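The values are calculated or read from the model by the stated rules, or taken from the named source; none is laboratory data. None of these values were measured; they are calculated from a predicted model. Heads up, the Cβs are rebuilt from the backbone with ideal geometry, glycines too, and the neighbour counts pull from every protein chain shown.
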Amino acid sequence: MHDSLLLFGATGDLAQRYLFPSLVHLLRDRLLPAQFRVIAIARSEHDDESFRAWLRERLCEDYDPAALDELLRRVQYVSVDLADADSMAVALSKFADRPSVSYLSTPPNLFASACRGLKAAGLLEAPSRLVLEKPIGHDLASAQEIDATLKAALDESRIFRIDHYLGKAPVQNLLALRLGNTLLEATWERRWIESVDIIVAETAGVDGREGYYADYGALRDMVQNHMLQLLALIAMEPPAAMDTNSIREEKRKVLRALRPMTAATADVDSVRGRYVTGVVDGQAAKGFDHRGHEDVETFVGLRAWIDNWRWAGVPFRLVTGKRMPSRTTEVVITFKPVTHWLFGADERRRARANQLRVRLQPEETIELGLMGSLAASEWSANELQPMSLDLAMLPPKRRIAYERLMIDALKGDQTLFVRDDEVEAAWRWIDSVSAAWREAGTPVHDYPAGSWGPAEAQPFLPRTLTTTAGRKP
Ligand code: BG6
C-alpha cells in the first residue's frame, strides 16, 4: 500500500467536505499505513502551520479529536500554480522519495499541465499513481486530449478516474442483488422488464458553483458520469469474474450500445429544466442565476435506449435535478404484466405491475411490489390487491464513498474506478445529446425550486416518486 498522498485542490470544496473528513475517519479506524503522509497542495499562500489551523477550523465539528490531531500532524502544505509545470517540478520533486498517489481534485483544464509538472517532478514514475476527479473533459474531444497527455506520462494501469458513486455501498449492492439472486437474474431482460428508472433528485441548488455549472449543466455534471455508471451496472451482462477488467469491459459494452440521440428524437426523449425561485424544505430558495448562460439546465430527463439483445425496446429513463422537493436517489425496475389475466375485471383495474424499487439515498431500502389476495376477506381468495415486500435495512454505519476509493487507490485496486474507454463511450453518447439539443433548439423550461421539474417532465417521472418521496407540484 502506498503511503504518500499528494492532494491537489486542497483548499477546495470537495477536499473540505469529503476528502479530508475521509482521511480523518481512515486514521481513526487505523486503516492507513504507519508512515502515511499527506502533501496538501493549492494556490493559496500558506505554510504548514497556517494551513493546519485553516483546516482545523473547517473540520473541528463532528470529528474524533485524536484522529483529527493525527491528520494535522501528518499534513504538510505546498503552494504551487498548477498551470506552471516548471515551478511545480521544483516545489514537488522532494516528494518523489517514495511511491505516491497524486490526487487531482481540480478543474479538468488543469489536468494536462499538472500532469506535465508531476512528470517533471518524478512523481509519476512507476509504481506511483494518479487519481483524477470528474469531469474528465467537457466532451469527447477534450477528454481524448486529456487522456493523450496522461498516457504520455503513465500507463492506464496507474490512472484512477474517480466516480464517487462507485464507492457507495448501496451502488455495489445493485450488483449483489442482481447477480446473487436467481429470481432477479432470470428475469433481468427485455422479455420481463418493461422499463427502468434511475432518479437522482437533490434538494441542494447550484449554490456557489455557478461558474462551473454554466459550462456543464446537469447533463455533464451528473448524467455523463454517475447516472451512466448506474445504468451500466444495471444493464451490463454478468461478467465472467468479479475482477477489475471483466466488470469494466461489460460496462463499456453497455455504454457503447447506447443509441445516439438525434434532433428528431430529442423532443420525445429528453426534457430540460432550470429552477426559478421557490420553496424547498419550507425555506425560500432563490432561482438559478442564469444571466449570461441561458442554455444551461439544472434538471434533465432522458429516455435512453440500449441497442442490444438483452435490452432492445426497454426504455431507461434517467432523471436528475437540483432543488427538488426531496433528496431521492433510486432505481425502479418495472416488470411486464402477467402473460394472461385469470381474475376479474375489478382486480384487473387494481393490478399493479411488479416493481423492484431500490432506494440508494438518503436511506437504503428495497421494496418489491407484488399482487396477492391475503388482504381480501376469507371467502374471496381471488380478490387481488397490490402488496409490498419491504426491506428497510438498518445498515452498519456507512463510510463516505471517498474513504473506500482512497484506500483502493493507495492499494492499487482499480475495480471501482472508470477505465479510459468507458469515459469515451459515455462522452460519445452525451455529445450526441448535446448536439441533438443544439440542432433541435431544445428549450430549457423553468420550474419552481421545490417541485419535480417542469410540467413537460411528467412522462419521465415514475409514479413512485409522487408517493413516499414527496408530492408532485
Ligand atoms: C457531484 C456533482 O459529482 O455529485 C454535484 O458535481 C452533486 O453537483 C453530487 O451534487 C451528488 O453526489 P451525492 O453523493 O450527494 O449524491
Please specify each residue of region 149-170 satisfying the condition of being hydroxyl-bearing (Ser, Thr, Tyr) and surrounded by fewer than 19 Cβ atoms within 10 Å (Cβ to Cβ). 149, 157
What is the residue count in region 275-314 for residues that are more than 22 Å from the chain's Cα centre (by Cα), of a type in the set (Lys, Arg) and surrounded by 17 or more Cβ atoms within 10 Å (Cβ to Cβ)? 0
Are any residues in region 7-40 touching a residue at least 60 places away in the same chain (Cβ under 8 Å) and among the small types (Gly, Ala, Ser), and if so, which ones? 9, 10, 12, 15, 22
Considering only strands (runs of 3 or more DSSP E) fully contained in region 334-433, which possess at least 3 residues that are more than 16 Å from the ligand (Cβ to nearest atom) and not aliphatic (A, V, I, L, M)? 365-372, 385-392
Unmet requirement for residue 391, which otherwise passes all of (1) modelled with pLDDT under 95; (2) farther than 26 Å from residue 278 by Cβ; (3) crowded, with 18+ Cβ neighbours inside 10 Å: (3)
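Yes or no: region 124-131 includes at least one residue that is without any contact (Cβ under 8 Å) to a residue 60 or more places away in the chain, in contact with a Ser or Thr (Cβ under 8 Å, 6 or more places away or on another chain) and either in a loop (DSSP other than H, G, I, E, B) or closer than 18 Å to residue 7 by Cβ (or both).
Yes, there is a match, as at least one residue in region 124-131 is without any contact (Cβ under 8 Å) to a residue 60 or more places away in the chain, in contact with a Ser or Thr (Cβ under 8 Å, 6 or more places away or on another chain) and either in a loop (DSSP other than H, G, I, E, B) or closer than 18 Å to residue 7 by Cβ (or both).
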Of all residues in region 154-194, which are in contact with a strand residue (DSSP E or B) (Cβ under 8 Å, 6 or more places away or on another chain) and farther than 20 Å from residue 365 by Cα? 154, 158, 159, 160, 161, 162, 163, 187, 192, 193, 194
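Specify which of the listed residues (166, 174) is within 16 Å of the ligand (Cβ to nearest atom), within 21 Å of residue 242 (Cβ to Cβ), at pLDDT 95 or above and assigned to a helix (DSSP H, G or I).
Only one candidate qualifies: 166.
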Output for region 204-246, where each listed residue is within 10 Å of the ligand (Cβ to nearest atom) and more than 22 Å from residue 136 (Cβ to Cβ): 204, 205, 207
Just for region 139-161: of the residues that are in a loop (DSSP other than H, G, I, E, B) and more than 15 Å from residue 114 (Cβ to Cβ), which one is nearest to the ligand (Cβ to nearest atom)? 139
Being of a type in the set (Val, Ile, Thr) and in a helix (DSSP H, G or I), is that true of even one residue in region 275-282? no
Filter region 178-203 down to the residues that are without any contact (Cβ under 8 Å) to a residue 60 or more places away in the chain and either of a type in the set (Asp, Glu) or near the ligand (Cβ under 10 Å from one of its atoms) (or both) and list them by number. 185
In region 115-138, how many residues are farther than 12 Å from residue 158 by Cα, more than 16 Å from the ligand (Cβ to nearest atom) and within 26 Å of the chain's Cα centre (by Cα)? 1
Which of (1) away from the ligand (no atom under 16 Å from the Cβ); (2) assigned to a loop (DSSP other than H, G, I, E, B); (3) over 30 Å from residue 353 (Cα atoms); (4) in contact (Cβ under 8 Å) with a residue 24 or more places away in the chain is the odd one out, the single condition residue 311 does not satisfy? (3)
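Residues are listed down the side, and each one gets a yes or a no for (1) of a type in the set (Asp, Glu); (2) over 27 Å from residue 208 (Cα atoms); (3) in a loop (DSSP other than H, G, I, E, B):
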| residue | (1), (2), (3) |
| --- | --- |
| 1 | no, yes, yes |
| 40 | no, no, no |
| 50 | no, no, no |
| 67 | no, yes, no |
Starting from residues that are in contact with a strand residue (DSSP E or B) (Cβ under 8 Å, 6 or more places away or on another chain) and of a type in the set (Ser, Thr, Tyr), keep the ones in region 427-451 and report whichever is nearest to residue 303 (Cα to Cα). 442
